[in-house]
Structures are given as C-alpha cells and as structure tokens.
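Single-structure report; data block below.
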Amino acid sequence: MEIVRTVEALQNIKKKLEGSVGFVPTMGALHSGHLSLIQRAGDENDHTIVSIFLNPTQFLEGEDLESYPKREEADIKICELSGVDILFMPTVDQMYEEDELRISAPARRGYILEGAKRPGHFDGMLQVVMKLLNLSTATRAYFGKKDAQQLALIIQMARSYFFSCEIIPCDIVRDEQGLALSSRNAYLSEEEKYRALSLSRSLKRATKMVMSGEREVGLLISEMMSVLKEVDRIEYIAICDRDLQKLETVESGNTIILVAAWVGETRLIDNIWI
Ligand code: AMP
C-alpha cells in the first residue's frame with residue numbers, strides 16, 4: 001500500500017494505474033462501517049483508493065472538529081490489511097487554497113433535516129467530495145446510507161455536474177445490539193451507548209409497525225418518540241421518500257425513516273430504508 005500525502009504524488013501514482021478504481025472517502029477513525037465500503041470497493045474494482053481527510057469546511061463553528069477522534073496509526077494498519085492500494089492522507093493546505101471557489105448545496109434539499117440543523121455543512125461536504133472525486137478519477141465511489149442526505153446530495157451533484165464516476169450506496173453496518181457504527185460513538189460512555197440504542201430501537205419499532213400494515217406517518221412518529229425517551233434531546237424524526245421529501249403515508253420501497261438525537265454531548269443520526 002502506498003501512503004500518499006500530497007496531491008501531486010497522488011496524481012503521479014494514479015497515472016501508472018490501469019483498470020477500474022474504487023474510491024472510499026472517509027474522515028478516519030475507521031470502523032467496520034468504513035471497512036464494508038472498502039471491501040466492496042476492492043471486490044468490484046481493480047484498484048482501491050481510500051482517503052482520510054478531516055475536512056474543516058464541513059464543520060460548523062462550535063462543532064467537534066478539534067475533538068474528532070484521530071487514529072492515524074490504526075487506520076493505516078486497517079487499510080493495509082484490507083488490501084487498499086493507495087491511502088490518501090492530505091493536509092488541509094494540500095486540499096484548499098485561499099479565496100476558494102465555492103459549491104453550494106441545493107436551496108431546498110440542502111437545508112432540510114441535517115441541513116436545517118447544520119446550515120452550511122453540506123456546502124463544505126460537497127466541496128470536498130467534488131475535489132476528492134476529481135483527484136481520484138474513480139470509476140466508482142462508495143458512500144454509506146448511514147448519511148442518507150449526504151448520499152442523496154452527492155448523487156444529485158454527480159447527476160448535475162455530469163460526473164463519470166458511479167456513486168454506489170452501501171448498507172448501514174451496526175454492532176450486535178443494533179447501534180449504527182460511527183466514529184463519533186467513541187465519545188459515548190457505556191451508559192450513553194446503552195441509551196443510544198434507542199435510536200435503532202425506534203427505527204425497528206416503526207419498521208415492525210409498517211410490516212404489520214401501519215402506513216400513517218403521524219402514528220409512526222409518535223410511537224418512535226415514545227421509544228426515544230432515553231435520549232437527551234430529539235432533533236428530528238422524519239419519514240421521507242428516497243428524495244428526502246416528507247411523506248404523509250409510507251410508500252414501500254420508497255421510504256427512509258430518519259432520526260437525529262443527542263445523547264449526552266454526542267449528536268447521533270440513524271435511518272432505515274423500507
Ligand atoms: P465518515 O468517515 O464518517 O465521513 O464516513 C465515511 C463513509 O463511511 C461515508 O460514506 C459514511 O456514510 C460511511 N459510513 C459511516 N458509518 C457507516 C456505517 N455504520 N455503515 C456504513 N457506512 C458507514
């Protein structure tokens with residue numbers, strides 16, 4: 001595995017690669033969720049590139065940019081053992097220049113749900129994904145459904161800007177108890193981890209109700225709220241179609257149920273696709 005820290009070095013190495021490239025962008029502190037994307041990229045392509053870049057432009061003032069978990073040594077080992085060909089770990093200076101050209105998230109889709117709670121977050125996310133996809137010149141790029149709105153906006157960007165890279169949505173990986181894996185889970189104490197399970201439990205409860213024939217969004221949301229009693233604050237519960245537009249009644253095969261909540265000082269998101 002080649003570890004590459006500059007844009008120029010990545011471009012030079014890329015020139016020598018022949019065949020398809022699968023790309024997995026991450027912010028590091030890798031876990032089995034990231035690993036599932038890396039493995040799929042390896043299975044479906046001749047070469048795998050992973051990036052680890054804690055992108056400052058997608059963090060809002062007062063968010064956890066400074067305290068975000070960093071585990072460079074372990075991350076390198078994980079990538080090595082997973083058969084990654086190129087690990088791109090640039091500095092902020094490598095990725096950004098002064099007075100940058102900006103990318104804006106769409107006015108409606110970018111400012112609902114996560115975008116309403118974190119205004120500007122998606123501008124920074126799209127900006128860095130655009131840069132990374134251009135740099136990797138990947139055949140396919142792999143993103144988790146865990147960040148459902150992020151995924152939807154990246155698919156939209158790829159469509160709007162005629163990217164040749166195919167965007168591949170990947171299933172959410174959970175621990176044995178159902179907690180969706182996230183680098184931010186490292187912030188949780190044991191007691192908080194236990195309480196955080198109510199996010200996935202609420203999604204499971206809603207899914208079960210849908211399976212038994214319930215379709216009314218209002219009823220599903222109020223049931224979810226009762227399951228979510230153990231979190232400290234619910235930010236939103238939303239039942240949307242795959243384009244993240246709110247639904248009145250669940251449409252099988254075209255619904256995502258999303259939840260965002262605080263447990264202690266940690267903000268968690270989760271969702272389920274039905
Ligand atoms: P991050 O490092 O949090 O920016 O995540 C990098 C990629 O991994 C994103 O496409 C995420 O959606 C994806 N990801 C994060 N957690 C999970 C998970 N539990 N299951 C599947 N994909 C995930």
Note, ³J(HN,Hα) from phi for the range 238-244, Karplus 6.51, -1.76, 1.60, rounded to Hz, x at Gly and Pro = 9, 10, 10, 7, 5, 8, 6
With the cut-off at 27 Å, report for the chain the share of all Cα pairs above it, as a whole percent.
-> 40
Projected label distance in nm at Glu18 and Met225, using a 7 Å step from Cα toward the beta-carbon = 6.2
So what's the angle, to the nearest 10 degrees on a 0 to 90 scale, between helix 217-227 and the longest Cα principal axis of the chain?
-> 90
Which GluC sites (Glu not before Pro) from the range 1-76 combine a DSSP loop assignment with at most 13 other Cβ atoms within 10 Å?
-> Glu18, Glu61, Glu63, Glu66
With every protein chain in place, the range 183-269: carbon and sulfur % of accessible area (1.4 Å) = 51
With a 24 Å threshold on alpha-carbon distance, the violating pairs from Lys70/Lys131; Lys145/Lys208; Lys15/Lys146; Lys208/Lys246 are Lys15/Lys146
Of all GluC sites (Glu not before Pro) in the range 190-259, the ones in DSSP coil with at most 11 other Cβ atoms within 10 Å are Glu248
Just how large is the dipole of the range 121-185 about the Cα centre, in debye to the nearest 20, putting +1 at every Lys and Arg Cβ and -1 at every Asp and Glu Cβ?
-> 120
Provide the per-residue ³J(HN,Hα) series for the range 255-270, in order, calculated from phi with Karplus coefficients 6.51, -1.76, 1.60 and θ = phi - 60°, each as a whole number of Hz, with x at glycine and proline positions.
-> 10, 10, 9, 10, 9, 10, 8, 9, 10, x, 9, 10, 9, 10, 10, 7
For the range 2-170, what's the relative contact order in percent, using C-alpha pairs closer than 8 Å and at least 6 residues apart?
-> 29
Solvent-accessible heavy-atom area per residue, rounded to whole Å², over the range 2-170 at 1.4 Å | 49
Neighbour cut-off at most 16 other Cβ (10 Å), DSSP loop, trypsin sites (Lys or Arg not before Pro), the range 53-154 = Lys70, Arg71, Arg102, Arg108
In whole percent, how big is the carbon plus sulfur part of the accessible area of the range 1-131, probe 1.4 Å, protein atoms only?
-> 48
For the range 183-269, one quarter of the surface area of the C-alpha convex hull, expressed in nm², comes to 5.6
With +1 on the Cβ of every Lys and Arg and -1 on the Cβ of every Asp and Glu, the dipole magnitude of the chain about its Cα centre, in debye rounded to the nearest 20, is 660
Relative to the longest principal Cα axis of the chain, at what angle does helix 7-16 sit, 0 to 90 degrees, rounded to 10?
-> 80
Sort all Cα-Cα distances of the range 1-134 into consecutive 10 angstrom bins from zero, then give the percent of pairs in each bin up to the one containing the longest distance.
-> 11, 39, 35, 15, 0
How far is helix 148-160 tilted off the main Cα axis of the chain, in degrees rounded to 10, range 0 to 90?
-> 50
Which value, in debye to the nearest 20, describes the size of the charge dipole of the range 183-269 about its Cα centre when Lys and Arg Cβ atoms bear +1, Asp and Glu Cβ atoms bear -1, and nothing else is charged?
-> 180
Provide the FRET efficiency to the nearest 0.05 for the Asn254-Ser212 pair, computing r from the beta carbons and using R0 = 25 Å.
-> 0.85
Residue (of Asn12, Pro69, Leu219) at the positive-pole extreme of the chain, dipole from beta-carbon charges = Leu219
So Thr6 and Trp262, fully extended at 0.36 nm per residue minus their Cα-Cα distance, gain in nm 88.5 nm
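The values are calculated or read from the model by the stated rules, or taken from the named source; none is laboratory data. This one's a predicted model, so the numbers in the text were calculated from it and none came from an experiment. Because the Cβ atoms are built from the backbone with ideal geometry, glycine has one as well, and the counts that use them run over all protein chains shown. These area figures cover heavy atoms from the full protein model, side chains too; ligands, DNA and RNA do not enter into them. Shrake-Rupley method; radii C 1.70, N 1.55, O 1.52, S 1.80 Å.
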